[in-house]
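What follows draws every value from the coordinates through simple rules; no lab data is involved. Keep in mind it's a predicted model, so treat the numbers as computed, not measured. Here the Cβ positions follow ideal geometry from the backbone for every residue, glycine too, while neighbour counts run over all protein chains shown.
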Amino acid sequence: MDVLLFNVTTAALMVLMFNGGLALVGQSTLSRRRIPWAAVGLTGIALAGVALQLCWSGAMGALDADPAKSGWWRVVTSVFMQNGGFGGAAWNIATLAAVAAFADWFWGAPLTLGLFAAGILLPEQIDKLWGQTSHSTDPRNFAGSSGATYFLGATLAAALLLRGGADETSGRDAGKGSDDEGAGRGKAVRKTRLLALGVPVLGLAMWFAQENGHGLVSAYGFALGALVWAAFRTVLRPDRDLVQPPRTTVASLTGLVGRRTSSAG
C-alpha cells in the first residue's frame, strides 16, 4: 500500500507540473513552436542510456549512484540509467521529453540545460547545508532521471506563479474587455496561481509524509526557478516563436513524418 501511495503521489506531482508547463507556454501554441533541441538532446541521451543497459549487463553497476561504490562520475551518469523496469523507464523518458520541451520553449536551450544540470548537482549540496549527509540506501534512488526532471519541472511552476500563464499574458496585451471577460480572466488567473503553488506545497507534503525525494527536489527547483526568473526575466523571450515563426515547427515536422509514413505504407 505504501508503494502504491508513493507512486500515486509522485505521478500526481508530475501531472501538476505538466499542466503548469502547458499553461505557461500555451497549449494552443505548441504546433507553432520550434523544435526543442535541448529536450531532444536530453531525451536522446536518456534513450542511449537505456540502450547501453540492454547491450551491457555491467552498465548499472558501473554508472549508478550506489553510495557503497566510488566514482566521481556516478552523480551524472546515474541520471541516465533506469532501474524501474520497462514501465518506470518509459515514464521517466516520456516525462523528461515533455518537461524539457516546455522548459526549452520558455527558458531557452542554455538555461534549460543549466537548470537540468542544477537538478543533478544541487540537491545533494543543499542537503549537506541542512546537515543531511547520509546517503539513501533505497535502490530506487541509485539511478533514474526523475529527480532532475522534477527539479526542472518545478522551475516552470515558479515562472508560472510569477509571470502567469500564456493566456493571461495575452489577455493583458489585448487590454481590458467586457466585465464577463474580465471575470473569466480573473478566475483563470486564480486557477493558474493555485496550479503553480500546488507544486511546492504537494512536494513538501510528500517529503514530510513519505520522505519522497521527488517532492524535496521539486521544492528546491521551485526556489531556483523563482531566482532565475527574477534574474533573467528581461532577456527571456518565451513568445519569440510566435512573433518570428521558425522555419521548422512542431506542426511542420509532424506533418512531414506523417506524409513519409503514408507514402511508405
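Could you tell me the calculated FRET efficiency between Arg240 and Asp2, based on Cβ-Cβ distance and R0 = 45 angstrom, to the nearest 0.05?
My answer for the efficiency is 0.50.
What value does the chain have for Rg/Rh, both radii from Cα atoms and Rh as Kirkwood defines it?
Taking Rh as the inverse mean 1/r over Cα pairs, Rg/Rh reads 1.00.
Roughly how tilted is helix 146-163, in degrees to the nearest 10 and between 0 and 90, from the longest Cα axis of the chain?
Around 30 degrees separate the two axes.
Would you work out if region 1-80 is rounded, prolate or oblate? Take a ≥ b ≥ c from the square roots of the eigenvalues of the alpha-carbon gyration tensor; rounded if a/c is under 1.5, else prolate when a/b is larger than b/c, oblate otherwise.
Oblate, since a/c reaches 1.5 and b/c is not below a/b.
Just to confirm the number: angle between the C-alpha axis of helix 250-264 and the first principal axis of the chain, 0 to 90 degrees, nearest 10?
70
Would you mind computing Rg(Cα) / (2.2 N^0.38 Å) for region 1-152, counting N as its residues?
Compactness ratio reported: 1.07.
I need the phi-derived Karplus couplings for region 40-46: 6.51 cos²θ - 1.76 cosθ + 1.60, θ = phi - 60°, integer Hz, Gly and Pro marked x.
So the Karplus estimates, Gly and Pro as x, are 4, x, 5, 5, x, 5, 4 Hz.
If you place +1 on the Cβ of every Lys and Arg, -1 on the Cβ of every Asp and Glu, and leave all else neutral, what size is the dipole of the chain about its Cα centre, to the nearest 20 Debye?
With Lys and Arg at +1 and Asp and Glu at -1, about 780 debye.
What FRET efficiency do you get for Trp72 and Lys187 if R0 is 45 Å and r is their Cβ-Cβ distance, rounded to the nearest 0.05?
0.30
What nm value, rounded to one decimal, do you get for the distance between Phe18 and Arg247 when each label is placed 7 Å out toward the C-beta?
Computed distance between label sites Phe18 and Arg247 equals 3.3 nm.
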